[in-house]
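Everything below concerns the one structure shown next.
The values are calculated or read from the model by the stated rules, or taken from the named source; none is laboratory data. The model shown is predicted, which means the values in this text are computed figures rather than measured ones. With ideal geometry, Cβ positions are generated from the backbone for all residues, glycine too; neighbour counts draw on all protein chains shown. Quick note on the areas: whole protein, heavy atoms, side chains included, nothing else; ligands and nucleic acids left out. Shrake-Rupley method; radii C 1.70, N 1.55, O 1.52, S 1.80 Å.
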Amino acid sequence: MMYELTLIALGLPLATAAASLAARRAGLVKVLNIAGSLLTCGAAFALTAGVLRDGPFAYKWVYLDALSGLLLVVVGLLTFTATLFSLSYMDEEVAEGRVRPGLLPRYYALLQLFAFTMLAVLTVENLGLMWVGVEATTLASTLLVAFYFNRPALEAAWKYVMVCNVGILFALLGTILLYYAQLSAGDGGAALSLAALAGASGRLDPFLVKLAFVFILIGYGTKAGLAPMHTWLPDAHSQAPSPVSGLLSGALLSCALYVLIRNLGVVTAVLGGGFAQAGLLLFGLLSVAVAVPFMLVQHDIKRLLAYSSVEHVGIVSFGLGIGTPLALYGAAFHILNHAVAKSALFYLAGIISQRYGTKQVMRIRGLLAAMPATGAMFLTAVLAIVGTPPLNVFFSKFAIVAAAFAAGRPVLGALLLLLLAGVFAGMMYYTTRMVFGAAPAGAAAGRTGACGLAAVALSLLWVAGTGLYLPPWLDGLLTKAAAQIFAATGGL
Amino acid sequence: METLAILLLATAFLLTRTSRLATAVHILLAQSAVVAAACAVAGWQAGETHMFVAALLTVVVKAGLIPYALLRLVRLLRREREVNPVIGANMTSLAAVGAMVLAYGLIEHALPAVISRDAVATAVALVLIGLLLIITRRQAIMQIVGLITMENGLYLLGLSTTRGLPLIIELGIFFDVLVAVTVMVILAFRLKRSFQTTDTSILKRLKG
């Protein structure tokens, strides 16, 4: 049953992509896509429910557990909101003449293909196939980043595809080394299978595994946007169409972190925690530190959000590095919270830049006066992302910082808090400038589509709702996912 | 096997010398053909049929479709050549020699037990030289050639340490490489149309 459901979850986006290309008529394409994404989201949630009910599921090349379940929730939810948001956003782009109407089917097909590649990464059992999936996510999303085919979009796409391809080749090198370690250990199990590697962990050559992990951390770290390999990220996230920016930032970075966690489990079972822990803490803190100056002096609203993504990936990496059950719970929760809140912010940035006709922070004034609903939601989403209680991002950040102090690393915890204060200052300074005050005359003419507002409202309801009341199933999922990482990594 | 390794190093070395795009693609074609031959030889020695399939795929994808696509693109770029690399051809060649020495040194230290030492060292050298090309060359085509060189190196590494990854993963990798080159050729084509050049050093508007 679960196997069939997995095939359905993977087949739906592919079928929707093919149907979009065949349908041609804009109205039909939109209906097909929203239906397809809703079903995909449903299938992903059903898989998660199945895992919660029956425990981990392994059959043929499929492996699902609480960790993949958590990520399936992220990707499923974001695929739905991104498609919903696209409906009105892309219509507006067509109306403004930035996108030719004939290109819409291609846009939706690429979007669905992108969703498919991410779902594939989350459902396969094998580190080799996972690599194939991660590489495919880059390729599917490159054409989305380049979608406008104007000069900045081409520049962003070229940097994105080159940097991520080189990074991912390093990950392949690490994966080959892991396979070599597995073969040298005389392990007859399936190549690069998670279960076989876990079973052989006592016999793997520690030196080879350590070498492999260095390349894997650099490789998938590039994909996840960890500093100093993050250089492609602000360009790609700011130049893509806004729904795609939301998916790139919320879903794709999370998928890269997921693959990193899977590899981490294999590596720490052989090496113990210390080595991997040092790497994760270092890259994590560095990512937050690198993002701060760029967020304090930023002129482009989408680049501001992109650097915020670098910061949040850093926070998750830091949480994984601390490695106590509380920190891992925080890291898992933070992946989910950041994904939903940040995608909502990118959607909002899309609405704002369409209505004001600019992405320049300095030219956006009086959001609340000009468009009260969007302005209020933007303020709420920014408050969420910087970690204001009672919104959910606060709780995951708090868990990670508290865990750092509880684990006897007060210096690192204090350093993170200090950096987060810098982020808070940068984000709030620009947000108050944009939200309050009088709107310039003639700004924000026109109307925002209902679908776009609905997508944002849905995300914000999730952000506020899970902050105020964490449903038992979600708490159970997070606890199980954290326990699983803890078991795999041996608590570092 | 040793002969093939020397041939591969020679192609990588030649890549550091050329500034003509079409020549670079032809050298890449030869390099991929040698990798395919190495794969077939290794398969014959090990008596494994799946390696012949991989060799055939290498010929079709990396010595066939990819050079074909690149050459079609190059024909549109008649006046493009690598005019002003970050470091010149002589320095790059020197660095490539350094990469070969480094590769042998790394193998001595990191993988003393490995059987086919020359093949592994060649593989690592190819990866390093490919990376070198990507970093120091400004032409989009040259960067793509560097990327495929890196990929060829990794492929050879897999071949010489583990007799290649399982076929299903290998198939996925081939597919990814093919799509990657298609995507990059599309982008390079658009670069030519929007910027009238495929020299990527003009791509520096986005920062901060």
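Identify all residues within the range A:199-216 that are open to solvent by 10 Å² or more (accessible area, probe 1.4 Å) and under 21 Å from residue A:255 (Cα atoms); write none if there are none. Once the filter is applied, which keeps residues that are open to solvent by 10 Å² or more (accessible area, probe 1.4 Å) and under 21 Å from residue A:255 (Cα atoms), the range A:199-216 yields A:214, A:215. Listed by first and then second residue, the pairs linking a residue in the range A:159-177 that is more than 8 Å from every other protein chain (Cβ to nearest Cβ) to a residue that is among the acidic types (Asp, Glu) and in a helix (DSSP H, G or I), with Cβ atoms under 8 Å apart and 6 or more places separating them unless they lie on different chains, are A:160/A:235; A:168/A:135. For the range B:48-92, a residue qualifies if it is under 16 Å from the mean Cα position of the chain (by Cα) and touching a residue at least 60 places away in the same chain (Cβ under 8 Å), and the qualifying residues are B:57, B:58, B:61, B:62, B:65, B:66, B:69, B:70, B:92. Only a single item in (1) part of a helix (DSSP H, G or I); (2) among the basic types (Lys, Arg); (3) modelled with pLDDT under 95 is not met by residue A:397, and it is number (3).
From the list B:124, B:183, B:120, B:145, the lone residue that is open to solvent by 10 Å² or more (accessible area, probe 1.4 Å) and either out of contact with any Pro (no Cβ under 7 Å at 6 or more places or on another chain) or more than 7 Å from chain A (Cβ to nearest Cβ) (or both) is B:124. The conditions of being touching a helix residue (DSSP H, G or I) at 6+ places or on another chain (Cβ under 8 Å), open to solvent by 10 Å² or more (accessible area, probe 1.4 Å) and away from every other protein chain (no Cβ under 13 Å) are met by residue A:228. Evaluating residue A:337 against the criteria (1) farther than 29 Å from residue A:276 by Cβ; (2) open to solvent by less than 10 Å² (accessible area, probe 1.4 Å) leaves one unmet condition, (1).
Checked against the criteria, residue B:110 counts as free of Cβ contacts under 8 Å to residues at least 40 places away in the same chain, within 12 Å of chain A (Cβ to nearest Cβ) and of a type in the set (Gly, Ala, Ser).
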